Amino acid sequence: MRMRKKKWALPFLQEHSEVALQNPIHLKSRWNTVSDQRPIHLEIGVGKGGYINQMALQHPDAFWVGIEKDVNVVCIAVKNFLNQENDNELFITNDASELEQWFDKGEIDVIHLNFSDPWPKKGYRKRRLSSDGFVSKYHDILKENGKIILKTDNKILFEFSVVEILKLYFVLEEISVDFRREEHQEDAITEYEAKFMALNQPIYRAIFKKI
Ligand code: SAM
């Protein structure tokens, strides 16, 4: 769903460019210093940031980086983060296809893909964040044994993602076709996830390990 344009979004993000980075090529191979040696979790397509902001509070032993290309939603993520007390978070306000410009090989511990846009038309398959073009970049920037954790409501996208990821030197570590049937307090509920849970729709989730 497209968010309405917000006049304040760009000026606000520019004003907070210390936490809303546009093109952090200067940080490539330096994330260890930024994270203060903590494991780095990267969420791609954070939307309004409900997940990353909550997870960063819940897991201060990790450092959280959120990528989001739509300034009209990431401005809300950054605003909410600035109202929190934690400092273990940063945002990149750009398209994730540029990923390899910002992260060196083996710099990231975990990649989170939450309710990515399904792009159902065949011609748009390359835009899916779990298509092989993206997955190969994830493989490069993940550490040995690094993980991709994926959640979605969309069965077709879930099946597509499992096939794409397992094509490229990952093994399946965990899989659930109704993740929220049990309590999982360790894992925050995203904005989209809350909507699907309210409709009683199952949440698909899988964890893949890099080999
Ligand atoms: N993860 C959030 C949630 O679960 O509530 C938002 C889900 S929303 C369906 C998908 C988000 O991914 C959108 O905000 C979209 O702008 C973002 N996105 C899609 N492709 C992207 C890309 N290539 N780079 C950065 N963000 C992207």
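The values are calculated or read from the model by the stated rules, or taken from the named source; none is laboratory data. Quick caveat, the model's predicted, so the values are computed rather than measured. Here the Cβ positions follow ideal geometry from the backbone for every residue, glycine too, while neighbour counts run over all protein chains shown. Please note that ligands, DNA and RNA were not included when accessible areas were found on the heavy atoms of the full protein model with its side chains. Shrake-Rupley method; radii C 1.70, N 1.55, O 1.52, S 1.80 Å.
Would you confirm, using the coordinates I've provided, whether Pro39 is modelled with pLDDT of 95 or more, out of contact with any Gly (no Cβ under 7 Å at 6 or more places or on another chain) and over 21 Å from Lys151 (Cβ atoms)?
Answer is no for this residue.
Kindly indicate which of Asp117, Asp95 is at pLDDT 95 or above, within 14 Å of the ligand (Cβ to nearest atom), open to solvent by 80 Å² or more (accessible area, probe 1.4 Å) and within 24 Å of Leu21 (Cα to Cα).
Asp117
Sort through Val78, Val46, Val65 and tell me the only one that's within 11 Å of the ligand (Cβ to nearest atom) and at pLDDT 95 or above.
Result: Val46 is the single residue among Val78, Val46, Val65 that is within 11 Å of the ligand (Cβ to nearest atom) and at pLDDT 95 or above.
Can you find even one residue in region 37-49 that is in contact with a Pro (Cβ under 7 Å, 6 or more places away or on another chain) and hydrophobic (A, V, I, L, M, F, W, C)?
Looking through region 37-49, none of the residues is in contact with a Pro (Cβ under 7 Å, 6 or more places away or on another chain) and hydrophobic (A, V, I, L, M, F, W, C).
Do the conditions hold for Glu159, that is, is it outside any strand (DSSP E or B) and under 17 Å from the mean Cα position of the chain (by Cα)?
When the stated conditions are applied, Glu159 does not pass them.
So which residues in region 7-48 are within 11 Å of Trp102 (Cα to Cα) and hydroxyl-bearing (Ser, Thr, Tyr)?
Within region 7-48, just Ser29 meets the criteria.
Go through region 188-211 residue by residue and tally those that are free of Cβ contacts under 8 Å to residues at least 40 places away in the same chain and either part of a loop (DSSP other than H, G, I, E, B) or in contact with a strand residue (DSSP E or B) (Cβ under 9 Å, 6 or more places away or on another chain) (or both).
2
Pull up region 98-114, narrow it to residues that are open to solvent by less than 40 Å² (accessible area, probe 1.4 Å) and either within 10 Å of the ligand (Cβ to nearest atom) or of a type in the set (Ser, Thr, Tyr) (or both), then point me to the one that is farthest from Glu43 (Cα to Cα).
Leu99
Out of curiosity, is Lys69 open to solvent by 30 Å² or more (accessible area, probe 1.4 Å) and touching an Asp or Glu at 6+ places or on another chain (Cβ under 6 Å)?
Considered against the rule, which asks whether it is open to solvent by 30 Å² or more (accessible area, probe 1.4 Å) and touching an Asp or Glu at 6+ places or on another chain (Cβ under 6 Å), Lys69 comes out as yes.
Scan region 123-175 residue by residue and report those that are surrounded by fewer than 18 Cβ atoms within 10 Å (Cβ to Cβ), in contact (Cβ under 8 Å) with a residue 40 or more places away in the chain and closer than 10 Å to Ala206 by Cβ.
The answer is Leu166, and nothing else.
Does Ile40 meet the test of being away from the ligand (no atom under 16 Å from the Cβ), within 30 Å of Arg125 (Cα to Cα) and either without any contact (Cβ under 8 Å) to a residue 60 or more places away in the chain or open to solvent by less than 10 Å² (accessible area, probe 1.4 Å) (or both)?
Taking the combined requirement at face value, the residue satisfies it.
For region 176-195, how many residues are more than 16 Å from the ligand (Cβ to nearest atom) and surrounded by 13 or more Cβ atoms within 10 Å (Cβ to Cβ)?
Looking only at that region, the number is 1.
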